[in-house]
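The structure appears right after this line, and notes come after that.
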Amino acid sequence: MSETSPKASAVESREPLSPAFDRRQRIALVIIVVAAIIAGLLAARYNPLLTHAASREGSEIDALFGHVFGVAVAILVIVEGSLIFVIVRFGIVARSEARGVPIRDYLPLEILWTAIPFMIVTWLAVRSYQVMVSIGTVSPQAYVVEVRARQFAWEFDYPGTGVSSNELHIPLGRQILFRMHSADVIHSFWVPDFRIKRDVMPDRITEMEFTATQLGTFPLLCSRLCGVGHAFMRSNVVVQTSDDFQAWLTQQAKAQSSTTDPAAYGRSLFAKYGCSGCHTLSDAGATGQVGPNLNGIGVRAAERVPGQSAGEYIRTSIINPNAYIVPGYPANVMPQDFQQRMSSQELDGLVNYLLMQQEP
Ligand code: CUA
């Protein structure tokens with residue numbers, strides 16, 4: 001019998017690797033694996049997808065992300081490299097009817113491609129858990145800042161100082177513990193440069209902590225769609241040295257308690273109550289677009305409602321925002337609880353401040 005019987009072919013298919021791979025092709029496979037390891041290590045070390053993290057927690061998260069990214073790049077090189085190799089080595093030759101040898105199973109390979117992913121996934125789970133524990137540990141020396149989110153502004157209280165601000169100032173190198181609460185809907189506190197994001201809820205207090213490791217100003221965003229002004233619900237985190245931070249607190253405490261400088265007092269109220277989140281007012285450095293522009297409101301307010309003084313119009317517009325809606329702006333956007341939240345001294349201070357805005 002010169003012809004190969006069907007039985008003989010089946011036996012042949014049990015040992016597919018030895019006839020398929022000669023010495024040159026084994027070298028090609030080794031090159032693919034070495035290239036994958038080098039590419040993975042480079043990707044993990046010089047991750048091009050991320051900027052430099054500006055917090056201790058962010059650096060740990062980036063290191064973990066680098067490991068995941070490195071493994072992913074190595075797998076990509078192995079899969080794509082093997083694919084190209086197999087196409088070149090086993091691709092159907094033009095005008096050939098050959099189908100190649102059918103391979104049914106190959107136990108060593110199956111053990112290998114089960115064991116390696118298992119080890120990778122286990123290692124990543126352990127690393128993730130370590131990072132989670134590390135960044136979630138609150139030091140007893142942490143500095144507490146209270147965060148209040150509302151449509152569409154951030155408000156930060158520094159307990160024990162009487163200072164509130166809608167720009168977040170924090171000292172460098174000290175862990176900050178944020179206790180967060182929302183006055184209305186769900187918002188989300190996000191500082192991309194710190195790699196930290198957490199929801200701020202109306203029915204509970206959520207906590208979050210981080211330690212800034214770089215001086216400077218970083219954008220702070222709301223990352224949950226919370227209404228028409230969501231895109232404007234932005235602020236800044238200003239990281240200062242401990243001395244500069246204390247000086248800022250002292251200066252704010254003075255401006256926010258004193259009535260000797262009505263403009264500074266009014267400006268601090270404008271910030272404290274989040275007015276700058278929605279309105280433009282040059283004197284306060286505010287550029288919000290959700291509500292009417294308040295430049296020159298001190299002049300315009302007198303002409304709005306016949307028989308009503310500018311002061312009365314402004315006061316009514318603060319405590320009962322739906323009383324007069326400026327054409328082109330939506331109703332029910334401005335909070336309607338300022339009368340409950342502001343002391344009468346604060347309300348007077350804010351009305352006086354807005355009356356001072358004479359420049360259009
Ligand atoms: Cu608050 Cu989006």
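A compact table of results
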read-out	value
Among (1) within 20 Å of the chain's Cα centre (by Cα); (2) away from the ligand (no atom under 16 Å from the Cβ); (3) at pLDDT 90 or above; (4) under 25 Å from Ala63 (Cα atoms) - the single one Arg179 does not satisfy	(4)
Every pair of residues 6+ apart whose Cβ atoms lie under 9 Å, when the first sits in the range 37-60 and is in contact (Cβ under 8 Å) with a residue 12 or more places away in the chain and surrounded by 13 or more Cβ atoms within 10 Å (Cβ to Cβ) while the second is in a loop (DSSP other than H, G, I, E, B) and of a type in the set (D, E, K, R)	Leu50/Arg195; Ala53/Arg195; Ala54/Arg195; Ser55/Arg195; Glu57/Arg195; Gly58/Arg195; Ser59/Arg195; Glu60/Arg195
Index of the failed condition, Ile186 passing every other in (1) within 12 Å of the ligand (Cβ to nearest atom); (2) within 20 Å of Tyr158 (Cα to Cα); (3) touching a residue at least 40 places away in the same chain (Cβ under 8 Å)	(2)
Among residues of the range 182-202, those that are under 11 Å from the mean Cα position of the chain (by Cα), of a type in the set (Val, Ile, Thr) and modelled with pLDDT of 90 or more, counted	1
Unique residue being modelled with pLDDT under 85 and either within 16 Å of Ser343 (Cα to Cα) or surrounded by fewer than 21 Cβ atoms within 10 Å (Cβ to Cβ) (or both) when the list is Thr280, Thr259	Thr259
First in the range 221-234 and among the basic types (Lys, Arg), second anywhere and within 6 Å of the ligand (Cβ to nearest atom), Cβ under 6 Å, 6 or more apart	Arg224/His187
Qualifying residues in the range 125-153 (those that are at pLDDT 90 or above and of a type in the set (Phe, Trp, Tyr)) - the one nearest to the ligand (Cβ to nearest atom)	Tyr143
Checking Pro330 against (1) free of Cβ contacts under 8 Å to residues at least 40 places away in the same chain; (2) in a loop (DSSP other than H, G, I, E, B), the condition it does not meet	(1)
Candidate set: the range 100-137, residues that are hydrophobic (A, V, I, L, M, F, W, C) and surrounded by 13 or more Cβ atoms within 10 Å (Cβ to Cβ); chosen: the one nearest to Glu207 (Cα to Cα)	Ile135
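The values are calculated or read from the model by the stated rules, or taken from the named source; none is laboratory data. These numbers come from a predicted model, not from an experiment. Every residue, glycine as well, gets a Cβ built from its backbone with ideal geometry; the counts of neighbours run over all protein chains shown.
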